[in-house]
Every structure is written in structure tokens, then in C-alpha cells.
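Here is the structure we will look at.
Each value in this text was obtained by applying a stated rule to the coordinates, not by laboratory testing. Computed from a predicted model, the values in this text were never measured in an experiment.
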């Protein structure tokens, strides 16, 4: 009797679909959740990049000297555009190209650098390799942003800090001036 029951049980396929579903459902739920998390990460990255370009474009159109209040306002604009007023930061650096009087060699020179929730640069060593070629006497505005992102669900991704850089030239004036007052 036991042998007959075992043989019949081994040939019976009536409940095989529910067992397959039991294995597939958790994988399917994880895949949908992971897709949502990856989509959110790329959405945040894209929005952060667009907000950085917008701040750089706003600064490139500025004809008056800017100060700490203006930079704080730019940080608030970035937070608004990024849709997250969390742990964000921006840094504005103005660089020009000059000719060294002693060696007659062209070199990049830091005009000024200021940050909002991030330190300013004291020299160009950390960003020089990312700067494009410009003509002597020309200025460029380098806007760097940082935005903290953390996943909504735990699917294997941890918290990440997106760092974006946008470079623009002054459009309506030959330079972007910092006012220390």
C-alpha cells in the first residue's frame, strides 16, 4: 500500500504550478522593486545634472557681482530644481587663462571659488584635469553640485552621493565677479 501511494504521488502533477509560483513570486517582486530603485537612481542623477546646468547657465548670464547671499539663493534654486532640500551642496569656481610673465607659458589661474555647504578650492590641482581648453584672457565658470541619494528599498544598492560638474562661459559680461562685502 505504501509503495503504491508513493508511486502515485511521484506521477501526480496536479500541484506543480503552485510550487513553481511559490518560487517565482519572490523573484518577480524583487525584480519589480529593483527596477523601481534603479529607475529612481537614474532619475535623481538626471535631475541633479539638469539642475547643475541650470545654475551654471544662470551664473553665466549674470552681469553684476555676486556675493554670499546670491550663492545661497543659487543653492536654494538647486534644491528646488533637484526636488530635494536634503544634504545637497554647490561650489562655484571661476578660472581664467593667463600668460606667465616669467616663462611666457599659458596657465590656468583660480580667480575665486566659493561653496555652499562645501569648502571652496584654494588651487586648481583637484579640478585641472577636468577643465576644457580656453583662450588667454577668457574666463570659465565651473559649477559643481553634490546630491545625496538613498534607495527606497533594499535591493543591494547603498546610499550614493551624486557629483555633477557644469562649465559655462560668461555670456553678457567678460567676467563673473565675487563681492566679498
Worksheet entry | Convex hull volume per residue for region 1-103, taking Cα atoms only, in Å³ | 238
Worksheet item: Do you know the relative contact order of region 28-168, to the nearest whole percent, from alpha carbon pairs under 8 angstrom that are 6+ apart?
Response: 30
Fill in: Inter-centroid distance (Cα atoms) of region 107-164 relative to region 34-92, Å
12
Worksheet, complete the sentence: Computed Rg/Rh for the chain (Cα atoms; Rh = Kirkwood radius) stands at 1.37
Discussion item. As an exercise, take the mean of 1/r over every pair of distinct alpha carbons in region 86-137, invert it, and state the Kirkwood radius in angstroms.
Written reply: 12.4
Discussion item. If you fit an axis through the alpha-carbon atoms of helix 2-11 and take the longest principal axis of the Cα set of the chain, what angle between them do you get, 0 to 90°, nearest 10?
Written reply: 40
Discussion item. Taking the 0 to 90 degree range and rounding to the nearest ten, how far is the long axis of helix 16-60 tilted relative to the main principal axis of the chain, both from C-alpha atoms?
Written reply: 10
